[in-house]
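The values are calculated or read from the model by the stated rules, or taken from the named source; none is laboratory data. Quantities reported herein were computed from a predicted structural model and do not represent experimental measurements. Virtual Cβ from ideal backbone geometry, glycine too; neighbours counted across all protein chains shown. Just the protein is used for accessible areas: all its heavy atoms, side chains included, with ligands, DNA and RNA removed. Shrake-Rupley method; radii C 1.70, N 1.55, O 1.52, S 1.80 Å.
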Amino acid sequence: MSETATRRRGDTRERIQDVALDRFTTNGYDQTSLREIAEDLGVTKAALYYHFKSKEEILESLLAEASSEIDALVEWMRAEPSTRERRLEMIRRLGDITHGVPGDVMRCVQQNEVALQNLASTSLIHDIKVRLWEAAMPDEASIEDRLRIRMAIMTVLIANKPGSDLGGTAAEREAAAQSIAADLVP
């Protein structure tokens with residue numbers, strides 16, 4: 001395959017992912033069909049099947065991209081001892097990540113939590129949370145410290161959940177989450 005054809009195929013996959021992510025987040029995973037995604041893209045369902053065989057396959061590709069950013073954050077955190085300053089920086093970076101494309105994926109999964117419960121790929125979200133918790137955990141952490149770290153990470157994730165009844169803008173919720181997380185981080 002030529003470089004141009006490879007790039008075009010990659011662009012098409014990205015467009016499919018973008019449209020699907022928007023539909024999954026706006027209308028719900030269960031309420032979205034491959035036909036609707038194809039219509040939004042102006043392509044046939046057969047053309048869509050060339051890139052993805054199912055909605056779950058699209059979701060898995062989105063989760064893999066989100067996971068790679070989290071993996072980089074976890075790797076950064078584990079590169080040095082887990083000091084309070086480093087944990088706070090990890091929480092700040094997690095906030096940044098949850099505002100980008102990986103954040104859109106995580107918000108989509110949180111919004112569709114019930115619908116996605118039975119899909120194997122959604123265990124990846126739980127794994128992401130566990131990797132973050134473990135990376136931030138200082139050696140010999142007490143039960144209270146472990147709980148505080150988990151709560152700090154979850155605070156950032158909850159603040160960015162779509163359809164939040166917390167009120168305020170996304171920026172205000174993120175600022176509040178960072179403030180609360182800073183109070184929690186041991």
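Per residue, the chain exposes 54 Å² of solvent-accessible protein surface, assessed with a 1.4 angstrom probe and all protein chains in place. For residue 28, no residue has an amide H sitting under 5 Å from its own, ignoring neighbours fewer than 5 places away on the same chain, with H placed 1.01 Å from N. Pairs of Lys residues in the chain are counted when their Cα atoms are under 27 angstrom apart and they lie 8 or more places apart or on different chains; the count is 5.
Taking 0.36 nm per residue of separation and subtracting the current Cα-Cα distance, fully stretching the chain between residue 89 and residue 147 would add 19.1 nm.
Of all the accessible heavy-atom surface of region 19-175, with the other protein chains kept in place and a 1.4 Å probe, what percent is carbon and sulfur?
Carbon-and-sulfur percentage of accessible area, whole number: 51.
Note on the chain: dipole from Cβ charges, positive end direction compared against 116, 155, 83; the farthest Cα belongs to 116. Here the calculated FRET efficiency for residue 79 and residue 127, from their Cβ-Cβ distance with R0 = 22 Å, stands at 0.65, rounded to the nearest 0.05.
The rule of thumb for compact globular proteins, 2.2 N^0.38 Å, goes into the C-alpha radius of gyration of region 11-111 1.29 times. Figure legend: label point modelled 7 angstrom from the Cα of residue 56 along Cα→Cβ; residues of region 12-34 with amide N under 19 Å from it are 17, 20-21, 24-25, 28-34.
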